[in-house]
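No lab work stands behind these numbers, since they all come straight from the coordinates. From a predicted model like this one, the values you see are computed outputs, not experimental measurements. For neighbour counting, all protein chains shown are included, and Cβ atoms are generated from backbone atoms with ideal geometry for every residue, glycine included.
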């Protein structure tokens, strides 16, 4: 946990606990003011001007807003299959990534999404957005997510580029039946390499998985502790075709639709994958197989019932395997010491469960702790810059009195970090002009 004290009479704020060092990975001009001379090859109409790409203060994975995007997004004419935008920055930067939100009118429309982008960069010469240069782009065919709504997503470049002037040519694919453009766009500098560390099976013998709980067990021979009692290698057959009684966890028939397990480890880990074997009595039974696994994690709070928030990660399990011990890789890491796993199936006719389970990762301590790196008070908002060491969920809270045990969440939902800097704004009037003159912030990993 890191605390920062804000005195509203000062523009720069004083840290109670944070080290001074070069901060890794930041959005260039979160408020968009450093992006000037912005032009586009097409604008649908005035309320969809290209300037809308640089008018919101967002952090990666944030939703720019819902409803009609008129007045807050850039949109081109329907006939334009390659939307182009050019701009200049206030200085020369080494740029490592693009933060970009697709446009979305009211509902998700795949035809409105851009599939990739080409980027040209220059230190000295401005570009014209009328057409793309004939030269090879410095960043070629950077793939964009089309299955998202208008979330502000991070796209890392294959290698860093250096420049002040930029031209981006978006591609909309062969169908291109909608209206392209974007909701928000920023460049990212000083982005470090992905967190290094060699993921390993956490506690191969299962001894570090403690405080085990499950929603049910078929009988005493099918307790949840059986998930953590064998030391296996990926590809092993967990029960060798014999009865799994005494060597697997299985739920009671009344809970046939789902089963859940909770446990804790000895410390927080960054989790990159999961090893799991389906259960099998003595022959393959389709109805005993779990189809979906949802995972919740927390670094600080035990989880003994299903959280109200969405799962941190969801996996589709191999339902065709017998009880082979298989690896399932997470699409991005999560961090935690406490875990809640929900197994489910659309065919609740058997006794789902599992023969063996382990997490794969490495101690979170290897990559440091989250911290508040700076706070700046403007006329209408307090800008917070949060330095986080790994992707995951974080919660930002505030208080006006450090002697009080009560802290208030700054936002209703946890903030999902995809890279090491999160930029947030606090617009609460009680914090802009706090009674007693001070407000304190803290950040915690979830």
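Things to note:
- Fewest-first sequence of 224, 234, 415 by Cβ atoms within 10 Å of each Cβ: 234, 415, 224
- Counted over all Cα-Cα pairs of the stretch 200-365, pairs farther apart than 18 Å make up 55 percent.
- Per-residue Cβ neighbour rank within 10 angstrom, fewest leading, 258, 184, 253: 253, 258, 184
- Mean separation of Cα contacts under 8 Å, 6 or more apart, over the residue count of the chain: relative contact order %: 18 percent
- Which of 377, 289 has the fewest Cβ neighbours within 10 Å, and the rest in rising order: 377, 289
- Radius ratio Rg over Rh of the stretch 26-189, counting only Cα atoms, Kirkwood formula for Rh: 0.92
- Note on residue 147 and residue 305: the model spin-label points, each 7 Å out from Cα along the C-beta direction, lie 3.2 nm apart.
- Mean-position separation - Cα centroids, the stretch 42-105 and the stretch 128-168, in angstrom: 12 Å
- For the chain, calculated [θ]222 nm from helices alone, where every DSSP H run of n ≥ 4 adds -39500 (n - 2.57): 0 deg cm²/dmol
- Note on the stretch 80-172: Cα-Cα pairs beyond 20 Å make up 36% of the total pair count.
- The chain - convex hull of the alpha-carbon atoms, volume per residue in Å³: 170 Å³
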